1. On full extension of the chain, what length is gained from ASP162 through VAL310, given 0.36 nm per residue of separation minus the C-alpha to C-alpha distance?
2. If the limit is 20 Å between Cα atoms, which of LYS91/LYS460; LYS63/LYS232; LYS257/LYS365; LYS171/LYS207; LYS130/LYS171; LYS365/LYS400 go over it?
3. Choose one of TYR98, LEU418, MET586: the residue whose Cα lies farthest towards the positive end of the charge dipole of the chain (beta-carbon charges +1 Lys, Arg; -1 Asp, Glu; about the Cα centre).
4. How much of the accessible area of the chain, in percent, comes from carbon and sulfur atoms when a 1.4 Å probe is used?
5. With r as the distance between the Cβ atoms of LEU485 and SER220 and R0 = 51 Å, compute the FRET efficiency 1/(1 + (r/R0)^6) and round to 0.05.
6. Return the FRET efficiency for the residue pair VAL454, LEU597: r is the Cβ-Cβ distance, R0 is 56 Å, and the value is rounded to the nearest 0.05.
7. Give, in whole angstrom and from largest to smallest, the semi-axes √(5λ) of the equivalent ellipsoid of the chain, with λ running over the eigenvalues of the Cα gyration tensor.
8. Between GLN371 and ARG387, what length comes free when the chain is fully extended (0.36 nm per residue of separation minus the Cα-Cα distance, one decimal in nm)?
Amino acid sequence: MSMVAIKLACLEYFRAMTRRAPGGRDFLWMTLLMFFVQLLALVILTAREGVLERSVDAFLGNKPGYGIPIWSLPNFLGENQPVQITTELIKEVEQGGYLAAPYRALSNDRLIRMTDREIWAQNTNVDELKFSGLAVDFNGPLYPANILNRDVQAPVPEVFADAWPIVLDVKLFRENFDVERYRQSLEGKLPQSQFDALPKDIDELVKSPIIWLNTRVHRSERLTPFRVTWSKYFGIGSSNTAFMLPIEMYNLYTLTKENPRLCTFLEGGPELGQRIRSLRSGRLLGMKAEEKAAFKASFNQLAEIFGGEVEDRGSRMSVYFGDRNKDRNFLRETCDAGIAEYRLQLAAADLGLSIDEKQYDEVLKTSSMVQAWPDRVTANCEALSQRTRETGNVDGEGDKCIATIPMATRKTGYSEMLLFARNRLDIARLVDFMSCRPVVGRPDPLVNEHLCTVAGEEVKIPESRLMINQIYEDSLQRFGFLTQLLNAISGPIGLVMIGMLIAILWVQLGTVLGHRRFRYAMLLSNGVTWFQLKMMIVIQVLLGVCISLVFAIACIIAVKFLLLLRMAPLTQIFEKITLGNPIDVMPVQIPVIIMVLVATVIIAIVLTLIHLRLNKLSPRSPLERLLS
């Protein structure tokens, strides 16, 4: 029975779309009118979602794959003594279902600096123009997503494969970096082959895989190569954030600064390596005069590159890198002497000298058991001060004693952190969570003892150890105002749309059923049941709804792609907001389509059933009434 109704419904409906249209074109006009109403509804709803989503990008930012960041700081305005952001607090946030990404701000030439002050062309006393950056977890959400095409960048030479990685901002380097001063500052400090490989202009610089910077190690600065990844925009920090370093490097730097006996040679890359304090040549007695003269010239040049003192004993030559007397008096226990082995080998190879480990007279090795992670550092206990050991966990005794030092305690924790809401609708929930606001139906905030504390003696009011950065607080308020404004006007507009749909369907359904009363009487007289007739009419209305929605969706998608093309220039102009991604102002979302379909189907079926009763299309009505 149902198959008969479906067949009849389809035949009658699609005949209205043909050229002759024997039953009239009522179904065509009904479908066309529903198309316009549904199209208008989809335009309004998708545009609303597009405005809200793009407003999130503009006011708060959006990290693809991670969500919407909320910039948080330690709560300096609370009644309790503010503490830094600790590892335990971060774990509580993550247990609450939110991603936490702390970072360290690096400014005032902290940890690294240019090889010459004048290289950073705008490096003046104005803070906004200084060479500054961040130390972050390169495996976390703060690693830039907008990386330049690696095919454009030259490959990293094999000799620098183990160097520290660094991410640099292309735009800031184009504006502020002086390539000529950079080359001048490295003249005589690098082997000739490496110096010749330095970029000669800014276009070569932003394709270069290596940059040389000074790294603060112990009490001195060391020339250090970094493996460069170029990024258009970091998506975090102030507008003058020029670089990003691995947080592991910062952790080693901090621990080394507080423990002079801890030997960590940062210029040697993540493996740290070792330093050579003095070097001797092989025996010169078997050499011819010309060979000996050439060897001595190269050996002297090697010493000159690193500022070493050469001693010629006739049968051998030796070089001491540094001031021997000063090192004996002051640096014996600080590890702050010698030259990085890899730099020495690099220069020797460039000069045609072959140096093996047997020629190293004095070697400073990295302290044993040193290893860094984003949240901790391990090292041999003997290299650490008593105060440092007390802050961590100690395991073993004597030479086998190893200390695990946390890098984010109440005193040494982070001063800035980003928390990520999964989507726009999750922002309010995240703000409630991080602010320790009691919410009905959710766990007591005081369960998170590291995030939430108690303010007040008589009335225990939860107080968060975090606060939203004032810049983000203002952005949240602006976004909240826009959201509430759109919500306020969405209701009346939605009611108007429903009213339009009801009015159009009421008139059109009345027309369709009125024109077909005689045909329905003929079907009934030929054996079609009243149930089959009603099912046929409902199916025809549903066909109109579905077909019109399909064309409305196709039209929306076409408009969407046209707008994407129109928005392409804005993507480049506002790259720091869009991160180079297309600006989608009409996101076609499945829930929106389902909502429009369900609303239209319910209204259409209800109106159809009402019209059937008003047109006396029921078993209780005599068949003759259909013919009147």
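The values are calculated or read from the model by the stated rules, or taken from the named source; none is laboratory data. Treat the numbers as computed from the prediction; the structure is a model and nothing was measured. Cβ: placed from backbone, ideal geometry, glycine included. Neighbour counts: every protein chain shown. Note: accessible area is taken over every heavy atom of the protein model, side chains too, but ligands, DNA and RNA are not part of it. Shrake-Rupley method; radii C 1.70, N 1.55, O 1.52, S 1.80 Å.
1. 50.3 nm
2. Working: LYS91/LYS460 24 Å; LYS63/LYS232 14 Å; LYS257/LYS365 17 Å; LYS171/LYS207 13 Å; LYS130/LYS171 15 Å; LYS365/LYS400 17 Å.
Checking Cα-Cα distances, LYS91/LYS460 exceed 20 Å.
3. Result: MET586, furthest along the dipole toward the positive end.
4. The nonpolar share, carbon plus sulfur, comes to 56 percent.
5. Between SER220 and LEU485 the formula returns 0.30.
6. The pair VAL454/LEU597 has a calculated efficiency of 0.65.
7. Numbers: eigenvalues 1099, 187, 80 Å².
Working through the eigenvalues yields semi-axes of 74, 31, 20 Å.
8. Working: separation 16, 0.36 × 16 = 5.76 nm, distance 1.94 nm.
Between GLN371 and ARG387, full extension yields an extra 3.8 nm.
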